[in-house]
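The values are calculated or read from the model by the stated rules, or taken from the named source; none is laboratory data. These numbers come from a predicted model, not from an experiment. Every residue, glycine as well, gets a Cβ built from its backbone with ideal geometry; the counts of neighbours run over all protein chains shown.
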Amino acid sequence: MADDSRLNGWTRREVLGMLGIGAAAAAWPAVSSAAEVTFPKGAIIRTILKDYPPEAFAGTSTLFHEHMSFADNFMTRWTGYAAETRAINGPPPGAAPGRGGTPPRHIP
């Protein structure tokens, strides 16, 4: 069994240590306490499927993914700033021929 290739990376002591760390991590949320979160009256949490009151998620952990919104003219302004910077600094080192010039205009 000592020659089994599946066991060549961990010692018994390391496995028991990792189990102990895992048990401590699992118990940590029960030991720690967070401040009570409050929301303004009428607050909602908007999801793709429906809106939820914040209380629907009380006492649980929630994973969320946020998309930031940009102003309507963000790309137009950004390409303008990039063109100004490129005019001052020149194209980046190693830019391919025909690249690094004026960016295409944004047509709304």
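When segment 62-74 is filtered for residues that are surrounded by fewer than 10 Cβ atoms within 10 Å (Cβ to Cβ) and over 16 Å from the mean Cα position of the chain (by Cα), the ones remaining, listed by number, are Ala71, Asp72.
Within segment 25-42, the set of residues being at pLDDT 70 or above and either more than 22 Å from Glu55 (Cβ to Cβ) or assigned to a helix (DSSP H, G or I) (or both) comprises Ala25, Ala26, Ala27, Trp28. Among the residues of segment 54-74, the ones that are under 23 Å from Thr38 (Cα atoms) and assigned to a helix (DSSP H, G or I) come to 4 in all.
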